[in-house]
Amino acid sequence: PDMLVAPDGETVAVRGADGRLHFLRPPADKFIARAWLRRDGDSRDIAQAVGMEGLRCDALGCVVTRKGVTIAASMRAEALADDCQRAQLVVSAVTVRNCKGPALVIDREAANAGQGWEITLSSPPRAQSVREWRGSRPWVAAINTAE
């Protein structure tokens, strides 16, 4: 996949022009980060895989454009108004309400409910959750869809 999102909504990796995964910021879930690198056949340490060309980050989150898709990885709610207006794909470590601009939004609730996501950067971006890919299993708790 072009992009991976962990169940925490904070650990996000994007495939760079070099074909390798790059974390947008130091990953919160180091176990998953190491597993992603290992499964990708990448022997780099996590710290070596943080950052990529064109990535801009501040205290509110990160923005990068890959394959013509602007990706915003929001860390705080204060970033969402701008990110929802300008990005085609928003991944948020906080709950997102009323984000109408992007083609795809994965907030912390969706990241957790899906148990992580893989994303293909196409027009529009396509996403599949781990839960969808794996299917229903008796040992995995059911998702509470009642709101």
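The values are calculated or read from the model by the stated rules, or taken from the named source; none is laboratory data. Note that the coordinates shown come from a computational prediction; the quantities given were computed from them, not determined experimentally. Cβ coordinates were reconstructed from backbone atoms using ideal geometry, including for glycine residues, and neighbour counts include every protein chain displayed. Quick note on the areas: whole protein, heavy atoms, side chains included, nothing else; ligands and nucleic acids left out. Shrake-Rupley method; radii C 1.70, N 1.55, O 1.52, S 1.80 Å.
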On the basis of being part of a strand (DSSP E or B), in contact with a strand residue (DSSP E or B) (Cβ under 7 Å, 6 or more places away or on another chain) and buried (at least 16 other Cβ atoms within 10 Å of the Cβ), does residue 84 make the cut? no
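Does residue 97 qualify as being touching a Lys or Arg at 6+ places or on another chain (Cβ under 9 Å) and farther than 14 Å from residue 127 by Cβ? Can you show your working first?
Details: touching a Lys or Arg at 6+ places or on another chain (Cβ under 9 Å): no; farther than 14 Å from residue 127 by Cβ: yes.
So residue 97 fails the test.
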Could you list all residues from segment 29-81 that are in contact with a His (Cβ under 8 Å, 6 or more places away or on another chain) and either of a type outside the set (Gly, Ala, Ser) or surrounded by fewer than 18 Cβ atoms within 10 Å (Cβ to Cβ) (or both)? 50, 51, 52, 55
Subset of segment 87-119 (residues that are of a type in the set (Val, Ile, Thr) and surrounded by 14 or more Cβ atoms within 10 Å (Cβ to Cβ)): 90, 91, 94, 96, 105, 106, 119
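Go through segment 113-147 and give me each residue that's at pLDDT 90 or above and either farther than 15 Å from residue 5 by Cα or in contact with a Pro (Cβ under 7 Å, 6 or more places away or on another chain) (or both).
First, pick out the residues of segment 113-147 that are at pLDDT 90 or above: 116-121.
Result: 116, 118, 119, 120.
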Take the residues of segment 8-28 that are touching a residue at least 40 places away in the same chain (Cβ under 8 Å) and open to solvent by less than 40 Å² (accessible area, probe 1.4 Å): which is nearest to residue 108 (Cα to Cα)? 9
